[in-house]
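Structure first, commentary second.
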Amino acid sequence: MTAKPKDQLISDISESKTDMTPTMTIVRIFDAPRPLVFEAFTNPKHLVRWWGPHGFTTPLCEVDVRPGGAIHIDMRGPDGTIYTMKGAYHEVVEFERLSWSNVVDDTEGKPSFELLQIIALNDHEGKTKLTLQVYVLMSTPQAAESLGGMETGWSQSLERLKGLLFTL
Amino acid sequence: MTPDRLSSIFSALADPTRRSILERLAFGECSVTELAEPFRMSLPAVSKHLKVLERAGLIVRGREAQWRPCRLEAGPLRDLSAWLETYRRFWDGSLDRLDGYLQQLKKGDLHDRKT
């Protein structure tokens, strides 16, 4: 597997691409100051303590938190399966914003599609509001041509379709 | 569902015309001519989109030579939403743990300040 497609892809993600509709949005309020929440996301010592759902452990966590820096986190499921997340940071704004992308490989180990994850932190009534947005980006050649079309956002259509599917 | 399959579904859904085609098919099967009508598109252009959807497994086409009706295949879309649900559970579970961990950290902070 060559590193080239990943590098290319990461440089292609401009700010403008992020006006696409996110595939997933999660909003949470944490009763903790913003710097502490940011620290929990950027310090491996803290990351390993909460990364992954209950019952999962984090045997490996290497993060180079700066634009272009690498992120590599291995998560171990209760059955011993290792889930690897490897990618690179894009935006790092201290205490405010963090984004990174990671490539999901296909069964042959070639990059298949890429997820862009954006964490935004805001003050909220003495607490911290965290907004997580996940975007799906493409990496396959046939997908590259359709990236532009993503800007209208397919997740809303998907929601509509899911509604229609119940009528089938 | 394998990432390869997911990738082809994501690609197919990335195009607004193809999403509209799927929405139309959700109401029942159609011929290519019927599908082409609302898009002011040539039949070959529509056929191209249908091929992408067919490759992604999102539609199936009848074998009758004259009238090859297109039908929506619901399975891949259900698989896709299942995958997205799993991914959401990863984040929900992680953020639950983060919530608890932040409370521990805060207590630790207070303790540090007192000493």
Q.
Checking B:Tyr101 against (1) in contact with a strand residue (DSSP E or B) (Cβ under 6 Å, 6 or more places away or on another chain); (2) within 11 Å of another protein chain (Cβ to nearest Cβ); (3) modelled with pLDDT of 90 or more, only one condition comes out false. Which one?
A. (1)
**Q.** Residues within segment B:1-18 that are out of contact with any Asp or Glu (no Cβ under 6 Å at 6 or more places or on another chain) and either more than 10 Å from chain A (Cβ to nearest Cβ) or more than 14 Å from B:Pro76 (Cα to Cα) (or both), tallied
**A.** 5
(Q) Could you tell me how many of the residues in segment B:55-74 are part of a loop (DSSP other than H, G, I, E, B) and out of contact with any Asp or Glu (no Cβ under 7 Å at 6 or more places or on another chain)? (A) 9
Q. Can you name every residue in segment A:34-66 that is assigned to a loop (DSSP other than H, G, I, E, B), more than 10 Å from chain B (Cβ to nearest Cβ) and surrounded by 15 or more Cβ atoms within 10 Å (Cβ to Cβ)?
A. A:Val65
**Q.** Filter result for B:Leu77 (without any contact (Cβ under 8 Å) to a residue 60 or more places away in the chain and either closer than 16 Å to A:Trp50 by Cα or part of a helix (DSSP H, G or I) (or both))
**A.** no
Q: Take segment B:4-19 and flag every residue that is under 11 Å from B:His49 (Cα atoms) and of a type in the set (S, T, N, Q).
A: B:Thr17
Q) Among the residues of segment B:1-54, which ones are in a helix (DSSP H, G or I) and among the small types (Gly, Ala, Ser)? A) B:Ser7, B:Ser8, B:Ser11, B:Ala12, B:Ser20, B:Ala36, B:Ala45, B:Ser47
Q. Does segment B:21-55 hold any residues that are of a type in the set (Ser, Thr, Tyr) and either in contact with a Cys (Cβ under 8 Å, 6 or more places away or on another chain) or at the interface with chain A (Cβ under 8 Å from one of its Cβ atoms) (or both), and which are they?
A. B:Ser31
Q | Residues (charged (D, E, K, R) and either touching a residue at least 60 places away in the same chain (Cβ under 8 Å) or out of contact with any His (no Cβ under 7 Å at 6 or more places or on another chain) (or both)) located in segment B:16-57 | A | B:Arg19, B:Glu23, B:Arg24, B:Glu29, B:Glu34, B:Glu37, B:Arg40, B:Lys48, B:Lys51, B:Glu54, B:Arg55
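The values are calculated or read from the model by the stated rules, or taken from the named source; none is laboratory data. Everything numeric in this text was worked out from a predicted model, so none of it was measured. Every residue, glycine as well, gets a Cβ built from its backbone with ideal geometry; the counts of neighbours run over all protein chains shown.
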